[in-house]
Amino acid sequence: RIVTSIAGKSPVAVAVNTAAKAGEWIKSKLGSYENLEEKTSSQDLVTEVDQGAEKLITNLINTYFPNHAILGEESVEPGPEGAKRALEKMRNEEYLWIIDPIDGTTNFVHGFPFFCVSIGLVHEGELAAGVIYDPLRDEMFVSEKGKGAYLKGRQIRVSRELRLSESLMASGFPPQDRSDRHLQKFTEIVPKVRNIRTSGSAALHLAYLAAGRISGFWEPSLNVWDVAAGVLLVQEAGGRVTDLQGNPYTLETTDIAATNGHIHDELLKCFKNYYD
Ligand code: 2AM
Ligand code: CA
Ligand code: CA
Ligand code: CA
């Protein structure tokens, strides 16, 4: 059991309560954001709601843990280099919070109801807690290292499918990567699986994997805040996360393969020669 009462001030409790507050506020702004800005391109968006939610989250975490470091998407210079540099700089902090205030900003902007708040905590270099909150469905996914993964207080497990052919999968197309190899791989994998969803939030896809709603997910060129919390959820729900070549997940991993474990090798087989 994971204790999520804020009275104890456990980091998980603070993460849960913070994600709930941020999520409620984001939900109240759905359809009424005022400033839409393009970051690196017309495919890479930010609104004042992303920025406001990040501030709210940062302020709350700071209140409880003034000595912890916080890495948030909207406080880092746009582009993959900015993300890499920021992580390098903060990597050795004893406690590092990794925040994506809205994962699925494009969906939020268009009113497509699939986005979430993602809050991960790294302790001495290892994922220690991961919380993902979907405010529209009021679904709070919570994981703590060694204690399992939970949805609304009930323990969740990855799915049982043993083969790609019976698996519902998810993937995505981040603005940073519409490369031929990614598109080609997508075309190759579609006929091998039961079906694929590309719903626009890497974090929520990982939470769905942890809950057994899909059996696998892959996506290249992601940033640490897209996946940190989701990776722990998947691992604590019995799943497996690597890069596309099968190396174990680290905070530096950008090309992600995550599955229920059973179909992992079959999925990785599809990525042989991916980088050649
Ligand atoms: P976001 O909504 O927080 O920006 C969809 O394929 C995924 O790509 C989402 O998780 C989305 O996160 C992420 N994404 C958006 N812009 C990105 C970028 N510039 N680099 C990497 N991932 C990005
Ligand atoms: Ca973004
Ligand atoms: Ca994101
Ligand atoms: Ca975001």
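The values are calculated or read from the model by the stated rules, or taken from the named source; none is laboratory data. The structure presented is a predicted model; accordingly, all values stated were derived computationally and were not measured. Please note: Cβ atoms are built from the backbone with ideal geometry, for glycine as well, and neighbour counts cover all protein chains shown. The protein model used for the area step is the full one, side chains on, heavy atoms only, and it has no ligands, DNA or RNA in it. Shrake-Rupley method; radii C 1.70, N 1.55, O 1.52, S 1.80 Å.
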Condition broken by P78, with the remaining ones in (1) modelled with pLDDT of 95 or more; (2) out of contact with any Phe, Trp or Tyr (no Cβ under 8 Å at 6 or more places or on another chain); (3) within 16 Å of ligand 2 (Cβ to nearest atom) satisfied:
(1)
Only one of (1) within 12 Å of the chain's Cα centre (by Cα); (2) closer than 18 Å to Y249 by Cα; (3) open to solvent by less than 10 Å² (accessible area, probe 1.4 Å) is not met by S171, so which one is it?
(1)
Unmet requirement for F114, which otherwise passes all of (1) of a type outside the set (D, E); (2) in a loop (DSSP other than H, G, I, E, B); (3) without any contact (Cβ under 8 Å) to a residue 60 or more places away in the chain
(3)
Those residues that are within 16 Å of ligand 4 (Cβ to nearest atom) and in a loop (DSSP other than H, G, I, E, B), I need them from segment 208-242; list them, please.
S221, L222, N223
Within segment 72-103, track down each residue that is in a loop (DSSP other than H, G, I, E, B) and closer than 9 Å to W225 by Cβ.
V76
In this structure, is E34 away from ligand 3 (no atom under 16 Å from the Cβ), in a helix (DSSP H, G or I) and surrounded by fewer than 18 Cβ atoms within 10 Å (Cβ to Cβ)?
no
Residue within segment 243-264 that is among the hydrophobic types (A, V, I, L, M, F, W, C), touching a Ser or Thr at 6+ places or on another chain (Cβ under 8 Å) and part of a helix (DSSP H, G or I) present
no
Residue selected from segment 106-132 under the condition within 13 Å of the chain's Cα centre (by Cα) and within 14 Å of ligand 1 (Cβ to nearest atom), by the criterion farthest from V227 (Cα to Cα):
F114
Odd one out for L268, checked against (1) open to solvent by 10 Å² or more (accessible area, probe 1.4 Å); (2) out of contact with any Gly (no Cβ under 8 Å at 6 or more places or on another chain); (3) in a helix (DSSP H, G or I)
(2)
Of the residues V158, V193, only one is in contact with a strand residue (DSSP E or B) (Cβ under 6 Å, 6 or more places away or on another chain) and surrounded by 13 or more Cβ atoms within 10 Å (Cβ to Cβ); which?
V193
For L204, are the conditions met, namely being farther than 25 Å from E94 by Cα and in a loop (DSSP other than H, G, I, E, B)?
no
A237 fails exactly one of (1) surrounded by fewer than 24 Cβ atoms within 10 Å (Cβ to Cβ); (2) in contact with a helix residue (DSSP H, G or I) (Cβ under 9 Å, 6 or more places away or on another chain); (3) of a type in the set (A, V, I, L, M, F, W, C), namely (1)
Are any of the residues in segment 48-71 within 12 Å of ligand 1 (Cβ to nearest atom), assigned to a strand (DSSP E or B) and surrounded by 14 or more Cβ atoms within 10 Å (Cβ to Cβ)?
no
